[in-house]
Amino acid sequence: MTIYNNFKFGVEIEFTGAELRTVETEMQAILAGTNIQVVREGYNHVTRNHWKITTDATVTEHRNYSSGDGFGGELVSPVLDGVAGFIELEKVLDALNSIAGVTVDVRCGLHVHLSWADMQVQQIKNIVKRYAQYETLIDRFMPNSRKANNSRWCSSIAGDRYPLRDVASHQGSLERMANLAGRYYKVNLQCLSRYGTIEFRQHSGTTDYTKISNWIKFLMEFCEASTDFSESATTSYKRKKKIAFGEIREQVAAQGWDLRFANNGYKLFDANGDFVEKLTMETLETFYVDCPTEWNKAYQTAELSDAFVTWFAGHFGAVEADSLTRGISTEVQTYLTNRAAQLAA
C-alpha cells in the first residue's frame, strides 16, 4: 500500500434513484459520530473539505441548480489522502448504498482526480501518451458505453480529434498544458490549472467500493509507472501506421536503421546504409503477440512479443519492455482481468 500514500485523490460519483435532499439527510444520519460531513449544495466547482452532494446536468431530473435539489446527482469528495482516503471512501460508499433506490445507469460516470508532490510536465506527457497507447486495452475494462468514442463525456485520446502531438511536444508549464485539449476526454488536463490534478473520466457509473478502489489503484500505479516511461522500450501500443509491421519499422527507424520490403520479406540496413540481414514474413510475425491479420485497421493495438525484444536487444542492446501491466500490482491485475472477462461474457 506504500505507493498509494504518494497520491492525493478525489472522486465524483454520479448516481440516480433518489432525491438529493433524501440522500443528504440519510447520509448525515448514518455518518453521525464520524468526522465525515456530507452537505447538499447548489451546483458549483469549488473543492470543499466535506463531501458535496450536488446536481449533475447529465443525470439530475427536475433539478434546481441553486438549491441542489433534484432526483439523482453527484457525490463529490474532498481531497483524499492515500490509504486513509480509501478508508474514508469505503465508509461513505457504504452510507450511500444503504439509501433505498440509489443506483446507476448508462448516464452515470465515475471521475477520478489524482495529484502528487512536485508534479512535472514530462510526467503528465508520459501518462497521456501511455494512456493513448494502451487505450484499446483499457477499453476492455469498460462497458461498451465508455469504450472508444462511444461517450461524448469521455472521448478517445487516441483518435484524430485529440491533440496528442501537441501534448507530447509541449514545453511550457502545467497550467498552459491545461489549455491544450477540451474537458470531455478520457484524460482531462484542464484540471491542472484549476485544481492541480489530472482527471480520468472513462469509468462507467458505479457506487461499488471494489470497482472504484481498484480503478483508483490502477490509475495510481499506471501514473507511477509512467514517470520512468521510455518510448524506445515500448513493446505494446496503439498502431500509428496503416502498414504491415509498422511498429517494428518505427522502432528500427528510431535507432537510425531501416527495414525495407524486398522479395516477400524485409531487409535490414544499419545507420550507414549497409545490409545487415534479411527477415522473412514468418519471422516478423513471431515478433507479435497474436499477430494481427488486418494490417490496415487504424488505431488497432499491437503488442510486440518477447521474441522481438530478444531480436532488438541483439542489434541495439537490451531495453526495458513497456506494457500496460508494468507496475500494476497482482491484486489489481487480477481484478481487471476478471472484470474484462465479465464484460466480454
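Just so you know, all these numbers are worked out from the coordinates, no wet-lab data involved. The shown structure was predicted, so the numbers you read here are calculated from the model rather than taken from an experiment. Every residue, glycine among them, receives a Cβ derived from its backbone with ideal geometry; neighbour counts consider all protein chains shown.
Annotations
- Multiplying each eigenvalue of the alpha-carbon gyration tensor of the stretch 2-230 by 5 and taking the square root yields semi-axes of 30, 19, 16 Å, largest first, rounded to whole angstroms.
- Total formal charge among the other residues, if their Cβ is under 12 angstrom from that of ASN264, Lys/Arg +1 and Asp/Glu -1: +1
- Packing-based ranking of 120-128, 171-179, 212-220, 51-59 yields 212-220, 51-59, 120-128, 171-179, ordered from highest to lowest mean Cβ neighbour count within 10 Å.
- Cβ-based exposure ranking for CYS154, CYS191, CYS108, in which fewest neighbours within 10 Å come first: CYS191, CYS108, CYS154
- Per residue of the chain, the DSSP helices (runs of n ≥ 4 H) give a summed -39500 (n - 2.57) that works out to -10000 deg cm²/dmol at 222 nm.
- In terms of surrounding Cβ atoms within a 10 Å radius of their Cβ, ASP322, ASP94 rank from fewest to most as ASP94, ASP322.
- Among ASP105, ASP274, the ranking by other beta carbons within 10 Å of each residue's beta carbon, starting with the fewest, stands as ASP274, ASP105.
- Cα-based shape type of the stretch 97-138, given that a ≥ b ≥ c are square roots of the gyration tensor eigenvalues and the cut on a/c is 1.5: oblate
- Net charge of Cβ neighbours under 14 Å - reference GLN171; Lys, Arg +1; Asp, Glu -1: +1
- Charge tally in the Cβ shell below 12 Å around GLY17, where Lys, Arg are +1 and Asp, Glu are -1, GLY17 excluded: -3
- For the cross-link pairs LYS125/LYS278; LYS125/LYS267; LYS52/LYS129; LYS129/LYS217, the ones whose C-alpha atoms lie over 28 Å apart are LYS125/LYS278; LYS125/LYS267; LYS52/LYS129.
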